[in-house]
Amino acid sequence: MSSWLKLPIHHPERFSRSWRHRACKVNRTAFWAVIAFTVVIILHSLLRHTRKDYAHLTSISNITAHFQWASDASHNASAALDADSEYELGTNGTRRANAVLLMLVRNSELESALTSVKELEERFNTRFGYPWVFLNEVPFTQEFKEQMSSVISGPVSFGLIPAEHWYQPDWIDEEKAAASRAQMVAENVVYGGSVSYRNMCRFNSGFFYRHPLVLRYKWYWRVEPNVHFHCDTDYDPFLFMEENDKVYGFTISLYEWPKTVATLWDAVKEFIIANPQYLAPNNSMNYLSHNGGADYNMCHFWSNFEIANMELWRGEAYSSFFEHLESKGGFYYERWGDAPVHSIGAGLFARKDQIHFFDDIGYQHDPFQHCPRDANVRRERNCTCNPFASFDYNAYSCLRKWEEVLRS
Ligand SMILES: Nc1nc2c(ncn2[C@@H]2O[C@H](COP(=O)(O)OP(=O)(O)OP(=O)(O)O)[C@@H](O)[C@H]2O)c(=O)[nH]1
Ligand SMILES: [Mg+2]
C-alpha cells in the first residue's frame with residue numbers, strides 16, 4: 001500500500017494527494033475519450049467523402065427511413081423538403097428535385113415489384129437516392145415492407161389509400177355498371193369484367209397525387225411491377241424536366257381500345273365547350289384527334305411509365321376536368337383508363353412543347369418496349385435492349401403522330 005494511503009483520512013496531505021491522483025485519472029480518461037472521439041470523427045468524414053454507399057447509409061434521412069416501414073402512415077421527414085428550399089442534395093451530392101418514385105401495388109405482386117425496383121435502383125436511383133412511396137388499398141404486409149426496404153438505397157414509405165379514393169362510389173348505379181362489365185366480358189375486352197381494375201384506373205386518374213404521402217412532392221416517376229429499365233439514366237430526369245419547362249414525360253405512345261372509352265370524348269368536348277379558358281395555347285389536340293377535336297383518335301401516352309409534374313393534375317384545369325369525368329360515371333359504366341385520361345389532360349392543358357418523349361430511357365412493360373434510337377446513346381448508357389424490338393414505329397404506335405404534331 002502506498003505511504004500516503006496510510007495517512008488519516010481527513011489529513012490535508014492525504015486529501016490533496018488523493019485529489020491530484022483522481023484528477024490525473026480523470027484527465028487521462030478524458031484525454032483518451034477525446035482521442036477516440038476524434039479518430040471516429042476523422043474516420044467517419046473520410047468514409048463519407050470516399051464511400052458513397054457509406055455516406056448514404058449514415059445519412060439522417062436513411063437512418064430515419066429504416067424506422068418507417070413499421071407504420072403505414074409514416075414517411076421520411078427528411079425526404080420532404082422544407083418549404084423554403086425547392087431542392088435537396090442527392091446521394092451523389094448534386095442538387096435534387098422535389099420528386100418521388102411511386103408504385104401502386106398489391107401485396108401479391110411483391111416479386112415482380114422487386115424486379116422493377118431493383119432495376120430502377122441499379123440503373124438510376126443509387127446515384128440520386130430519391131425516395132420511394134408504395135401505395136395500396138389494403139395494408140402492406142410486414143414481408144412486403146421488409147423485403148422492399150432491403151433493396152432500396154434511399155428513404156421508403158408505405159401508404160394506405162383512403163377507401164373513398166379507391167372503391168366504387170355509392171352513387172354509381174351498380175346494376176348499370178354490372179351490365180356494362182358483362183357486355184365487355186362478352187366482347188373480350190381486356191379487364192372488361194374487373195371492378196378492381198376500374199378502381200385502379202380511377203385512382204390513378206384523379207387521386208394518387210392527393211395521397212398524404214405524395215402531397216409533399218412535386219414530381220413523380222411512376223413505376224409498375226414487372227417492368228424493365230434497359231439503360232442507365234445517369235442524369236436527373238426530374239431536373240431536366242424542371243429546367244426545360246416540361247410537365248409530362250413518356251416513353252411509349254399507342255392506341256386505346258375504343259370499347260373502353262366509348263363516351264369519353266363526348267365528355268371531353270362537353271368540358272371544353274363549357275371551359276374553353278383551360279385549353280393551353282399550342283396544345284396537342286392534333287395528337288389526340290385527326291379532325292381538329294371532333295373525334296378522339298385513341299392516341300395516348302402509356303401511363304405505366306410517367307415522369308410528370310403533379311401540379312398539372314393538382315391545378316384548376318385538370319381538377320375540374322377530372323370532376324367532370326367523375327360525374328359521368330365512365331370509370332365504372334365503361335372502363336376509362338388513366339392513360340387516355342392523363343394524355344387528354346396533358347394534351348389539352350399543357351403546351352405541346354411541355355410534353356417530353358424520353359427517347360434515352362430504355363423501358364419495357366410487356367408486351368411493348370422502347371429502346372433508344374441512337375446507337376451512341378445505347379452504347380453510352382449501357383443499354384441491353386434491341387432497337388429492332390422497339391415499339392416506336394409499330395403500326396399500333398402513335399409516336400409518328402406525336403412527332404408530326406411536335407414539328408407542326
Ligand atoms: N394495390 C393495388 N394495386 C393494383 C390493383 N390493380 C392494379 N394495381 C396496380 O396498378 C398498376 C396497373 O395495374 P396493371 O394490372 O399493371 O394494369 P395494366 O398495366 O393495364 O395491365 P397489365 O398489362 O396486366 O400490366 C400496377 O402497378 C398494379 O400493381 C389493385 O387492385 N390493388
Ligand atoms: Mg401493368
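Quick note: the coordinates plus some simple rules give every number you see, no bench work behind them. Computed from a predicted model, the values in this text were never measured in an experiment. Methodologically, a virtual Cβ is constructed for each residue, glycine included, from the backbone with ideal geometry; neighbour enumeration extends over all protein chains shown.
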Residue by residue through the stretch 173-198, note down the ones that are in a loop (DSSP other than H, G, I, E, B) and within 31 Å of the chain's Cα centre (by Cα).
Val189, Val190, Tyr191, Gly192, Gly193, Ser194
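Would you call Arg202 of a type in the set (D, E, K, R), closer than 30 Å to Ala179 by Cβ and within 16 Å of ligand 1 (Cβ to nearest atom)?
The answer is yes for Arg202.
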One residue from Glu256, Glu187 being closer than 24 Å to Asp295 by Cα and within 16 Å of ligand 2 (Cβ to nearest atom)
Glu256
Boolean, Leu239 is surrounded by fewer than 20 Cβ atoms within 10 Å (Cβ to Cβ), within 16 Å of ligand 1 (Cβ to nearest atom) and not acidic (Asp, Glu)
no
In the stretch 294-347, what residues are surrounded by fewer than 22 Cβ atoms within 10 Å (Cβ to Cβ), over 25 Å from Val185 (Cα atoms), more than 19 Å from the chain's Cα centre (by Cα) and of a type in the set (A, V, I, L, M, F, W, C)?
Ala294, Ala317, Phe322
Only one of (1) closer than 19 Å to Pro258 by Cα; (2) surrounded by fewer than 18 Cβ atoms within 10 Å (Cβ to Cβ); (3) in contact (Cβ under 8 Å) with a residue 24 or more places away in the chain does not apply to Gly193, and that is (3)
Just one of the numbered conditions (1) within 12 Å of ligand 1 (Cβ to nearest atom); (2) part of a helix (DSSP H, G or I) is not true of Pro225; which one?
(2)
